[in-house]
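See below for the structure under consideration.
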Amino acid sequence: MSQLITLATCNLNQWALDFEGNRDRILESIRIAKEKGARLRVGPELEITGYGCLDHFLEGDVTLHSWEMYVQILKRPETHGILLDIGMPVMHKNVRYNCRILSLDGQIMFIRPKLWLANDGNYREMRFFTPWMKAGVVEEFQLPPAVQMVTGQKFVSFGDAVIRTLDTCIGAETCEELFTPQSPNISMSLDGVEIITNSSGSHHELRKLNKRLDLIINSTSRCGGVYLYANQRGCDGDRLYYDGCALIAVNGKVVAQGSQFCLKDVEVVTATVDLEEVRSYRGSIMSRCLQATSSPLTYKRIDIPIELAPMNLRFDRNVCPTKTREAFYHLPEEEIALGPACWLWDYLRRCNGSGYFLPLSGGIDSCATAVIVHSMCRLVVKEANEGNQQVIEDARRITRASSDWFPSDPRELASKIFHTCYMGTENSSKETQRRSAELASRIDSYHVDLKMDKVVTSVVSVFEIATGKKPIFKIFGGSQIENLALQNIQARIRMVLAYLFAQLLPWVRGIPNTGGLLVLGSANVDECLRGYLTKYDCSSADINPIGGISKTDLKKFIAYASKEFDMPILDEFLTATPTAELEPITKEYVQSDEIDMGMTYEELSVFGYLRKVEKCGPYSMFLKLLHQWSPRLSASQVAEKVKKFFFYYAINRHKQTVLTPSYHAEQYSPDDNRFDLRPFLINPRFTWASKKIDRVVAECEGKQSGSPLDIMSID
Ligand SMILES: Nc1ncnc2c1ncn2[C@@H]1O[C@H](COP(=O)(O)OP(=O)(O)OC[C@H]2O[C@@H]([n+]3cccc(C(=O)O)c3)[C@H](O)[C@@H]2O)[C@@H](O)[C@H]1O
Ligand SMILES: Nc1ncnc2c1ncn2[C@@H]1O[C@H](COP(=O)(O)OP(=O)(O)OP(=O)(O)O)[C@@H](O)[C@H]1O
Ligand SMILES: NC(=O)CC[C@H](N)C(=O)O
């Protein structure tokens, strides 16, 4: 026996508050789903508004416009004949919920509010929504009058229930609920729900996809059932990149998987599954049957008296279930090549920009940023060649090209929209200048090579005339403070010049009807964490594609890109010592990042992870590293490193408040504006924690008797 049914899920590139664009992408996904013969279509979380509206959700207009768009979808006959699961905010009894609305043939069947909201890291759903706290309870929801007029319905069911058709049972779960210890899909499956939908607004983080897929595969292999995962994709107006990967799994096996990074606005993923396989799988696991028969939660069934799986598909020689396949994962290097590149494209087209400007130093960080822009150009050309009309139109609009121009070559596209600039001083080396020029030529950016010593000297001379004092570099006998000031002025002047060139280069080139360029920043996550950047230089670009990526990962990315994109010049960036080139180079002295910082990039990744992900203060970080790093390092060496890290982290925390908005990619990102909320005036000596650390060090060195944990004996 078999009972085949075709189901559809999708990735939609929604944009916060773009109600009409979002509506059109939903309509397109329904059209494709129907074309592929699907009987159920599930879309991403809050797809009508876009997931990332944040505090806009508090506005009544957003709920109003959501209903307006929803009704427009519902009343179109072409959206009928398929069960729809669409996401939007709904007010019920003056409380706002994050909901799924299930409809068929222009009639609303049921509204299901999210039970467990996402409220950590980048997520703060509890600011705008209330979770539905009544397990298994269903209430009557009165539809807004305008909706009543269209559907002819006055009330619909609202709450924690499931849909029952004549031939199967369907339940909706929303994003975070999958990640909770008691996911609703477990109790639903124990109560006989065969098809579970999951609508997500889930963003990219390096190496995170495994977690999401593991949960789906694990859950459906323990519980059996069909799981349809839908996700938003793209930059919807913030630092996050939602990474799609719509997926269909059956009994612990993947049968369909959409792409994670792509410039398609609408991607529909379908599979034909056999519901009898679910019944057979579940029925043969006796322990599951015992749990099912004694399961405390019996969901109210919302009846739809139709057969979802058409009778004629019980057996049709020409229709067979979709084969299982291995889940697909990108390497982290590929994730860096693709995620930030897609984000940059969305950003550019959505802000109606005309291109990017990047200060290109000849070091790894700005090199990585340039290669990501190159990757963006490659993706645009690939999509255009595949006939993606939206991408072709966007490319024409951004380049201000005529309507017969076609983006057929990544280098040609870069030459129109990407501008790089080497801003040398007397402290710069020939090598960095040459590497910049060669990289620019390889990717074909419009490159400017300038010397800015005159500006630096004249600004410093203004200071000298006003104060009668002349600061000099440390290697010539100056103090630390003079040395820093002379470095910072170079960096800040670069920022001022960057904005001047970004504004005027398109004009210089005679590009018609153009605005300015967006300035790209390229401080990596480790430098941000340590504060190793000049405030109002690198902190002050428009956007930064690598601000959430570690130096270690950036190096891996450059090694990958060197081969993948056939760019041998990148190998030279890899072997060069990272240096800011802000101090004079002499025979005996060349400035180096890691010596300047007093710690290595590798150590910074460890500190960053322990601080943010493992929630360690100085004392517990020290204890953990003492175990990890001894006997290689002594207790006092570990203590010194931990104290030094926290010292620099604390004195530079204020820089996070003005940091360039960066693509979120790393769990240990210190971004103060959305992700890592901390005070920015912190005593960098962490005095009490330091005393406790010293106590343990003394104990390790045999200088202290008694327990180091005895707090009463510390002054
Ligand atoms: N608690 C606090 N709250 C608010 N603001 C505070 C503050 N403490 C200092 N400040 C402000 O911040 C300023 C100090 O920060 P900042 O001006 O950045 O200066 P600072 O952090 O002292 O120096 C910049 C560092 O970045 C390094 N660096 C490395 C690589 C590349 C680059 C580059 O730019 O290319 C730079 C450079 O070598 C140097 O060590 C103070 O002058 C003050 O205005
Ligand atoms: N000579 C320069 N010309 C243009 N931009 C520069 C120059 N020096 C620094 N910058 C800008 O300032 C940023 C910060 O400099 P930093 O030295 O930290 O990075 P980097 O030179 O790209 O890489 P690395 O840290 O590996 O040396 C650079 O990424 C670049 O955008
Ligand atoms: N929107 C959500 O509920 C997302 C939360 C979930 N933990 C994720 O990262 O995918």
task: Scan region 579-590 and report the pairs whose first residue is closer than 11 Å to residue 432 by Cβ and assigned by TED's automatic domain parsing to the domain that holds residue 427 and whose second residue is within 16 Å of ligand 3 (Cβ to nearest atom) and modelled with pLDDT of 85 or more, with Cβ atoms within less than 7 Å and a gap of 6+ or a chain change.
output: none
- request: Return yes or no: is residue 52 small (Gly, Ala, Ser), in the same structural domain as residue 233 (by TED's automatic domain parsing) and assigned to a helix (DSSP H, G or I)?
  value: yes
- request: Look through 653, 678, 674 and report the one residue that is among the basic types (Lys, Arg) and more than 15 Å from ligand 1 (Cβ to nearest atom).
  value: 674
query: What residue, among those in region 602-634 that are of a type in the set (A, V, I, L, M) and more than 15 Å from residue 689 (Cβ to Cβ), is nearest to ligand 1 (Cβ to nearest atom)?
result: 604
message: Report every pair of residues separated by at least 6 positions or lying on different chains whose Cβ atoms are under 9 Å apart, first residue within region 628-652 and closer than 13 Å to residue 599 by Cβ, second of a type in the set (Asp, Glu).
response: 641/603; 645/603
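Before we move on, is residue 565 at negative phi, in the same structural domain as residue 673 (by TED's automatic domain parsing) and in contact (Cβ under 8 Å) with a residue 40 or more places away in the chain?
Spelling it out, residue 565 is indeed at negative phi, in the same structural domain as residue 673 (by TED's automatic domain parsing) and in contact (Cβ under 8 Å) with a residue 40 or more places away in the chain.
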- request: Please work out which one of (1) modelled with pLDDT of 95 or more; (2) surrounded by fewer than 22 Cβ atoms within 10 Å (Cβ to Cβ) is the condition residue 2 fails and give its number.
  value: (1)
- line: Pairing a residue in region 156-167 that is at positive phi with any residue that is part of a loop (DSSP other than H, G, I, E, B), where Cβ atoms lie under 9 Å and the two sit 6 or more apart in sequence or on different chains, gives 159/132; 159/134; 159/136; 159/137
Residue, surrounded by the fewest Cβ atoms within 10 Å (Cβ to Cβ), within region 126-185, restricted to residues that are among the aliphatic types (A, V, I, L, M), touching a Gly at 6+ places or on another chain (Cβ under 6 Å) and farther than 29 Å from residue 274 by Cβ: 137
message: On the basis of being free of Cβ contacts under 8 Å to residues at least 60 places away in the same chain and either farther than 19 Å from residue 378 by Cβ or of a type in the set (Asp, Glu) (or both), does residue 552 make the cut?
response: yes
Test result for residue 384, modelled with pLDDT of 95 or more, in contact with a His (Cβ under 8 Å, 6 or more places away or on another chain) and either in a helix (DSSP H, G or I) or away from ligand 3 (no atom under 16 Å from the Cβ) (or both): no
statement: Flagged pairs (Cβ under 8 angstrom, 6 or more apart or on separate chains; first in region 307-332, exposed (fewer than 11 other Cβ atoms within 10 Å of the Cβ); second modelled with pLDDT of 95 or more) are 323/255; 326/254
- line: Restricted to region 54-68 and to residues being within 25 Å of residue 40 (Cα to Cα) and more than 27 Å from the chain's Cα centre (by Cα), the residue surrounded by the fewest Cβ atoms within 10 Å (Cβ to Cβ) is 68
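Taking the options 213, 228, 209, name whichever one is within 16 Å of ligand 3 (Cβ to nearest atom), surrounded by 21 or more Cβ atoms within 10 Å (Cβ to Cβ) and in the same structural domain as residue 13 (by TED's automatic domain parsing).
On the way: 213 fails: surrounded by 21 or more Cβ atoms within 10 Å (Cβ to Cβ); 209 fails: surrounded by 21 or more Cβ atoms within 10 Å (Cβ to Cβ).
Being within 16 Å of ligand 3 (Cβ to nearest atom), surrounded by 21 or more Cβ atoms within 10 Å (Cβ to Cβ) and in the same structural domain as residue 13 (by TED's automatic domain parsing) holds for just one of 213, 228, 209, which is 228.
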message: Could you check region 427-444 and list, in sequence order, the residues that are without any contact (Cβ under 8 Å) to a residue 60 or more places away in the chain and in a helix (DSSP H, G or I)?
response: 430, 437, 441
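State whether one or more residues within region 177-188 are over 16 Å from residue 297 (Cβ atoms) and either within 16 Å of ligand 2 (Cβ to nearest atom) or among the charged types (D, E, K, R) (or both).
The answer is no, given that none of the residues of region 177-188 is over 16 Å from residue 297 (Cβ atoms) and either within 16 Å of ligand 2 (Cβ to nearest atom) or among the charged types (D, E, K, R) (or both).
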- prompt: If you take the residues of region 513-544 that are β-branched (Val, Ile, Thr) and more than 20 Å from the chain's Cα centre (by Cα), which of them is farthest from ligand 2 (Cβ to nearest atom)?
  reply: 514
Search result, residues across region 463-475 that are surrounded by 10 or more Cβ atoms within 10 Å (Cβ to Cβ), hydrophobic (A, V, I, L, M, F, W, C) and at pLDDT 95 or above: 463, 472, 473
task: For residues that are out of contact with any Ser or Thr (no Cβ under 8 Å at 6 or more places or on another chain) and not in a strand (DSSP E or B), scanning just region 78-114, find the one that is surrounded by the most Cβ atoms within 10 Å (Cβ to Cβ).
output: 79
task: Residue by residue through region 548-598, note down the ones that are at pLDDT 95 or above, basic (Lys, Arg) and within 12 Å of ligand 2 (Cβ to nearest atom).
output: 555
task: Starting from region 61-76, take each residue that is under 14 Å from residue 97 (Cα atoms) and modelled with pLDDT of 95 or more and list its partners that are assigned to a helix (DSSP H, G or I) and not hydrophobic (A, V, I, L, M, F, W, C), counting only C-beta distances under 6 angstrom and pairs at least six apart or across chains.
output: 62/56
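The values are calculated or read from the model by the stated rules, or taken from the named source; none is laboratory data. Treat the numbers as computed from the prediction; the structure is a model and nothing was measured. No Cβ is skipped: glycine too gets one built from the backbone with ideal geometry, and neighbour counts run over all protein chains shown.
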